[in-house]
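Structure first, then comments.
Where a number appears in this text, it was derived from the coordinates with a stated rule and is not lab data. Being a predicted model, the structure only gives us computed values, none of them experimental. No Cβ is skipped: glycine too gets one built from the backbone with ideal geometry, and neighbour counts run over all protein chains shown.
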Amino acid sequence: MPVSPVLPPTHDVIVIGAGAAGLMCAASAAARGRRVAVLDHNDQPGRKILISGGGRCNFTNRDVAPVHYLSANPHFTVSALKRFGPGDFLDLIRRHGIAWHERDHGRLFCDDSAALIVEMLLRECGAGGVEILTSCRIGTVGGDGPFRVETSRGTFRAPSLVVATGGLSLPKIGASGFAHVLARRHGLGVVATAPALVPLTFAGDDLVLMRTLAGISVEAEVSLGGARFREAVLFTHRGLSGPAILQISSYWRAGHPIVLDLLPGQDARTTLIGRKAARPNAQVETVVAEMLPARLAQCLTGRAGLLGKPIGQTPNAALAGLAGLLNGWRPVPAGSEGYRTAEATLGGVDTAGLSSKTMAAKAVSGLYFVGEAVDVTGWLGGYNFQWAWSSGWVAGQTA
Ligand SMILES: Cc1cc2nc3c(=O)[nH]c(=O)nc-3n(C[C@H](O)[C@H](O)[C@H](O)COP(=O)(O)OP(=O)(O)OC[C@H]3O[C@@H](n4cnc5c(N)ncnc54)[C@H](O)[C@@H]3O)c2cc1C
C-alpha cells in the first residue's frame, strides 16, 4: 500500500477569522517572525469593526477589569488583560497617529472613522508579512497539530491553528457557529449561547405602553439581581433599548422582570407627597411631568389609575403605588431582538478547556480560541474589543 506523503506546513500559524481578535493575533504572531495566514469567508476583513460604535469604534475603555466581563470563570480574563491592556492598545493607535476621544463611562472612540482601526491592523499584519485571504470558504479542518485546513482557496497546513471566528451575533455580516462546532469536535465544552447587549422585546399591555412612547429616551437605573446600570433607556416599537437595556440584557433570563428606576437618586413617594401639600389642585400627571417627559408621565399616571385626578384628592397609598412604578417598574420582557441585532454573544467555548495565559486548548496541542468565540462577554463600552485585542495578542505570542 502506498503511504501518502506528509506534506510540509505552508505556514507556522493559520488564523481562521479576520475580525478584531484574528487580525490582532496574526499581527502579534507575525511580529515574532511567524509565517501567518488569515482566512475569512467575508469579502473584506474587520466588518464588525467598521460598523462598531456608530462607525467610530469604541475600541477600548479607560477602566477595564475582569468585573466588566461575564463568563462561567470570572477570573479567566485576568492574565490576558494584564499582558495586553487598554494602555497597550492606546500605544498602538498613537503609533499609527489615530486621533481618539473619551466619552461617558470611560469609553474611548476614534475621532474619525472605525476604518482607521482596520487599516492599522492591516498595516501591522502587512509589516509582518501576514497573508490575508478573504472570500475563503472553510471546508474540512483535519489533523490535530499539524492542522490541515481545506478551503475554497487551497489547502493550508500549520502546527498552530487559531480560531477567531467570533460569536453568533449579526449573521448577515458573516457570524457563524464555526468555533463552537470545531471546539466540540476537539472535545472542548461550549457554554450555552444567547444574544447579549441586545434590545428587549415586550408583549401585552407593556408593549402597548412602550409603543406609545416609542422614540422617548430617559436616563434610568436598570437592575436585575446584583447587576445595575445607570444610562439612557429608549422606548421602541418592540419594547426597550438604549445602553442601560443593552447592558442588563446580558444578565436577563426568560421569565424574569427587569427593574427600572426612572427617577434614579430621587424618592418619588416623598416628592409626590411633598407636592401634594404644596399644590393640591395640580393634576397628578402634571406633577409627574415635572420629573419625566410629559408623554411618559401621562402613560405611567394612567397605568396607576390616577389620570386627571388632582393630587390633593389622591390618597397617599395611591401615590405610593405610582411612586412604585416610577422608582421600581418591573416589566417582564417577552424576549430579545436576538442575534439579528445583538452586539455580542453570551457563552461560547468553555474557558475550562483553555489556558488563560495563552488561549491554547489544554488538551489539543497547537489549537487556540480567541475573541468572542470564547465564553467571555464584555459590558457595553469597548470591553468586547479589548477582550478581542487582549486574547488575540496573547495567543499570537505563543502560537
Ligand atoms: C453593531 C455592533 C457594534 C459593536 N460595537 C462595539 C464597540 O463599539 N465596542 C466594542 O468593544 N464592541 C463592539 N461590538 C462587539 C465587537 O464587535 C465584537 O465583540 C468583536 O468584533 C469580536 O471580535 P472577534 O474577532 O472575536 O469576532 P468578529 O469581529 O466577529 O470576527 C470574526 C470573523 O470571523 C469570520 N468568520 C465567522 N465564521 C466564519 C467561518 N465559518 N469561516 C470563515 N470565517 C468566518 C467573520 O467573517 C469575521 O470576520 C459591536 C458589535 C456589533 C454587532
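Once backbone amide H atoms are built at 1.01 Å from N, residue 380 has no partners under 5 Å, excluding neighbours fewer than 5 places away on the same chain.
With unit charges on the beta carbons (Lys and Arg positive, Asp and Glu negative) and the dipole taken about the Cα centre of the chain, which residue among 135, 265, 225 sits farthest to the positive side? Value: 225. The shape of the range 199-337 can be summarised by an equivalent ellipsoid whose semi-axes, obtained from the alpha carbon gyration tensor, come to 27, 15, 12 Å from longest to shortest. Between the helical axis of 115-127 and the longest alpha-carbon principal axis of the chain there is an angle of about 20 degrees.
The relative contact order of the range 1-151, computed from alpha carbon pairs under 8 Å that lie at least 6 residues apart in sequence, is 30 percent. Overall shape: oblate for the range 4-44, with the ratio a/c of the largest to smallest alpha carbon gyration tensor axis at 1.5 or above and b/c at least equal to a/b. The separation of the range 69-145 from the range 181-240, counted between C-alpha centres, amounts to 26 Å. Volume per residue of the convex hull around the Cα atoms, evaluated for the chain, comes out as 140 Å³. Axis angle, to the nearest 10 degrees, between helix 316-328 and the longest C-alpha principal axis of the chain: 10 degrees. What the phi angles of the range 179-191 give under the Karplus curve with 6.51, -1.76 and 1.60, with θ = phi - 60°, is a coupling list of 4, 5, 5, 5, 4, 4, 4, 9, x, 8, x, 10, 6 Hz, glycine and proline written as x.
Evaluated with a Cβ-only charge set (Lys, Arg +1; Asp, Glu -1), the range 199-337 carries a dipole of roughly 260 debye about its Cα centre, given to the nearest 20.
A Cβ-based charge dipole, computed about the Cα centre of the chain with Lys and Arg at +1 and Asp and Glu at -1, lands at about 280 debye. A Gaussian network model of the chain, with springs between Cα atoms under 10 Å, assigns the largest mean-square fluctuation among 161, 200, 306 to 306. Each residue of the range 41-49 was assigned a 3J(HN,Hα) from its phi angle through the Karplus curve 6.51 cos²θ - 1.76 cosθ + 1.60 (θ = phi - 60°); the sequence is 7, 6, 8, 8, x, x, 4, 5, 4 Hz, with glycine and proline shown as x. Counted by neighbouring Cβ atoms within 10 Å, the residues 147, 369 run from fewest to most as 147, 369. Once backbone amide H atoms are built at 1.01 Å from N, residue 282 has 311, 312 as its partners under 5 Å, excluding neighbours fewer than 5 places away on the same chain. Amide H contacts under 5 Å for residue 114: 56, 57, restricted to partners 5 or more places along the chain or on a different chain, H placed in the peptide plane at 1.01 Å from N. For the range 150-167, 3J(HN,Hα) computed residue by residue from phi via the Karplus equation (6.51, -1.76, 1.60; θ = phi - 60°) reads 8, 9, 5, 10, x, 9, 10, 10, 7, x, 10, 10, 10, 9, 10, 8, x, x Hz, glycine and proline entered as x.
Farthest toward the positive end of the dipole of the range 271-359, out of 328, 312, 341, is the Cα of 312, where the dipole comes from beta carbon charges about the Cα centre.
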